[in-house]
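Worksheet: the structure to be examined is printed underneath.
Every number in this text was worked out from the coordinates using simple rules, so none of it is lab data. What you see is a predicted model, and the numbers here were worked out from it, not measured in a lab. So basically every Cβ, Gly included, is an ideal-geometry build from the backbone, and we count neighbours across all protein chains shown.
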Amino acid sequence: MSDKVCYHCGLECGNSPVEFNDKCFCCNGCKTVYEILNQNELSCYYDLEQTPGTIPKEIQGKFEYLNNIEIADKLIEFSDGTTSVVEFYIPSIHCSACIWVLENLEKLNPGIVNSLVNFPNKTVRINFKTKETSLKEVVELLTSIAYEPYISLEDADRSAKEVDKTLIYQLGIAAFGFGNTMLLAFPEYFETEGFWLDQFKYMFRWMMLILAIPVVVYSAKDYFITAYKGLKNNILSVDVPIALGILVLFLRSNYEVIADVGAGYFDSLTGLIFFLLIGKYFQQKTYNFLSFERDYRSYFPIAVTKIVNGKEESVPVQDIDEGDRLLIRNEELIPIDAILINGEGLLDYSFVTGESEPVYKGTGDKVFAGGKQTGGAIEIDVINKISESYLTELWSNDIFNKDIPKKNIKNLTDSISKYFTITIISISLIAGAYWVFKDVGTAASVVTAVLIIACPCALALAAPFAMGNMLRIFGYRKFYLKNDAIIEEMNKITHIIFDKTGTITTNEANELTYVGIPLSENERIAIKTLIRSSNHPLSRALNKYIDIDVPTKTIANYNEILGKGIYGEIDTMRIKIGSANFVGTKTEETLSTTIYIKINDIIKGFYKSKNIYRKDVKSIFLDLAIHYKLSILSGDNEGEKEYLETILPSKTAYLFNQKPQDKLDYIKDLQEKGEQVLMVGDGLNDAGALAQSDVGIAISEDINVFSPACDGILDAKLFSKLPTFLALSKQTIHVIKWSFGLSFLYNIIGMYFAVTAQLTPLVAAILMPLSSISIVVFVTLMTNLVARKTK
């Protein structure tokens, strides 16, 4: 037998190795994978880890069924005729080299746009050009490089997955072993003498050993696997001390029975594993009960415009049903699969595919959820049930996540857990060395008890459950965050910036007055038709103000320049609506916000808007000024600066006539000075500033503000609660720190009793999961308590 191992998969090459480029392969399949990677300059795949691959399978004719359109449609998540998105489960993903090669698939097939691996779930999400490659070719490529996806057409139908009963089976085996081992060990406890006991006690001991083997090998296997994988990657996981404790007891017990020097500790060993699994089972039940997974249907704060009998009304996204007609304005996101009925769609699907090239859609074409309209208003008919979870999955995509600083709670927890494990192993060895000179049996018990009782699991659970539960509380209060890391970032904020229009002002009651040449009915219809396509707060206010029935009209050459205005051609009219500078005139009004109208190169006049500020703006800013620096950024003129200075704190900074790029640059400048910036604005018109800020919050006021740029969406009716939400983010971090203190106290007390041999491994196994559950219950109750007190 050859002692050479395959350069690709690590198996022995046998007596007939395949040689290529001075490298040994076990088969032509592995050699082919190497050639593919090498030819496409991806050979550094092998530099990331030794022998990272697996043996590829035969693929000729295997995936012909994927050419069937009906089957392919069930597997493909999204397709606009040009780009398709599909997600596969790939069981053979196991290391960093796997991630690297799977995220470079575009180098192996130019038809693939990009690919993203979810390592914990062993899935890869692939965007590909349907005109350049097919689903079948993508699957064949994956299989050819030994990453064959698991394809189940039952999964394609989105049927419910079976519940994983492995833990229940492990618990059953452990319970059987523990119960019978206790019965067999019962006579040993009394040390009574008798013919039958003396005759059979050796057989009983061997029976206990045999019963313990499946308990250790099967029921406790997860602890050994996790510990091994962690050590292999230079990570001291929390299962290392548990695995060591089980191993010490098992080896010690085997020695006593085989050498005939005692009965061993098989009852304690099987009991230890049984109670560890009982704890694990109840942990799962507790976590499910205290689950912080968000019920998107309950409170997802997005509204869409529904057309009912020719009238437009805003309704919550979850109330949309099949057959409803929706109005989608410029820059709004399509929330559901639908058929385009009126208008021309120029859809930006970068939210879904990463490709920003607009896709044209005409009347009768199917449009998919996640596309953003980049032209005039369109009307669509809904063909599917709404799925907020799909939109949220897109929103939480790693592509849109901001870089989280390294100094955060998670990294702190990981660091503490690492050193905690090292400390525990050291203490167990020292305690074992001390007791071994007094009593070897006690030494084994002490080492195991120390390793089991002092578990850093509680530390690892504190942060995710505290922040996760607060995330749930925020959601029920109509404040929706992208993920729990945002709570920690909110805690670090030093400077808060507010947009003015639509953020600290309300769109509900703008007082509008027209000044200028009287407008004909046709001109008013054309103006309303044009502004109907815009989602800017002033456009929405003007749309409500012009109370006139509008027939369906086509808008040609629609163009909206954020922060400036709108241009469009309707019938014979060329219309410009926006700022004085946009229409080419000088402002005649400096004390109010103005919307100028220009038709066929003639300035008709302007609508004068007196902003209505949100309730309690003064008290909100006074509360915030105690802890934060404050700024107002606005694209409007300085007309209301004097009024704002009378109601807002004296140190508030004001910047008017700000373009979207000016807002972004201002935030960037503050960040370079060391400020942590929270931006509160319009989710669509302030997208750049929201993306640049450390935390971006969009205010939702019966509009579709769903945008990947923001980190949170706040219901406009609860704007006054912003100081409360910021205070709760600080309280959440305090709760996490309190739970750390509680966990350390528990571990110190438990260690004392374990080191002094006053705690058996069996009792330690019962207490260890209780500590984790108690921390979870503590942080959940405390976050609920501080939320009730902070209102």
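Close amide H partners of residue 62, meaning residues 5 or more places away or on another chain with modelled amide H under 5 Å apart, do not exist here.
Backbone amide hydrogens, once placed in the peptide plane, bring residue 92 within less than 5 Å of nothing, excluding anything fewer than 5 places away on its chain.
For residue 77, the amide hydrogen comes within under 5 Å of the amide hydrogens of 85, 86, 87, counting only partners 5 or more places away or on other chains and with H modelled in the peptide plane. Placing pseudo-labels 7 Å out from each Cα toward the beta carbon at residue 430 and residue 647 gives an inter-label distance of 6.5 nm. If R0 equals 22 Å, the separation of the Cβ atoms of residue 167 and residue 770 corresponds to a calculated FRET efficiency of about 0.80. Stretching residue 229 away from residue 151 to a fully extended chain increases their span by 25.4 nm, per 0.36 nm per residue minus the current alpha-carbon distance. Residue by residue, the stretch 212-219 carries 3J(HN,Hα) couplings of 6, 4, x, 5, 6, 6, 9, 5 Hz when phi is fed to the Karplus relation 6.51 cos²θ - 1.76 cosθ + 1.60 (θ = phi - 60°); x denotes Gly or Pro.
Divide the volume of the convex hull around the Cα atoms of the stretch 595-652 by the residue count and you get 93 Å³ per residue. Of all lysines in the structure, the ones whose alpha carbon falls short of 26 Å from that of residue 62, not counting any fewer than 8 places away in one chain, are 31, 74, 107, 122, 129, 131, 136, 161.
Taking 0.36 nm per intervening residue step and subtracting the Cα-Cα distance, what contour gain separates residue 613 from residue 788 on full extension? Additional length available on full extension: 60.2 nm.
Annotation: extensible slack from residue 322 through residue 517 equals 65.7 nm (criterion: 0.36 nm per residue apart, minus Cα-Cα distance).
Using the Cβ-Cβ distance between residue 758 and residue 259 with R0 = 25 Å, the FRET efficiency computed as 1/(1 + (r/R0)^6) comes to roughly 0.30. From the largest down, the stretch 519-625 spans 53, 30, 23 angstrom on the principal axes of its Cα atoms.
In order along the stretch 722-731, the Karplus-derived 3J(HN,Hα) couplings, from 6.51 cos²θ - 1.76 cosθ + 1.60 at θ = phi - 60°, round to 4, x, 5, 5, 5, 5, 5, 5, 5, 5 Hz, and Gly and Pro are given as x. Computed from the Cβ-Cβ distance with R0 of 51 Å, the FRET efficiency linking residue 4 to residue 278 stands at 0.60. Computed from label points 7 Å out along Cα-Cβ, the spacing between residue 734 and residue 439 is 4.8 nm.
A simple spin-label model places the labels of residue 183 and residue 573 9.2 nm from each other, with each point 7 Å out along Cα-to-Cβ. Ellipsoid fit via the Cα gyration tensor, the stretch 472-586: semi-axes of 36, 16, 15 Å, each the root of five times an eigenvalue, largest first.
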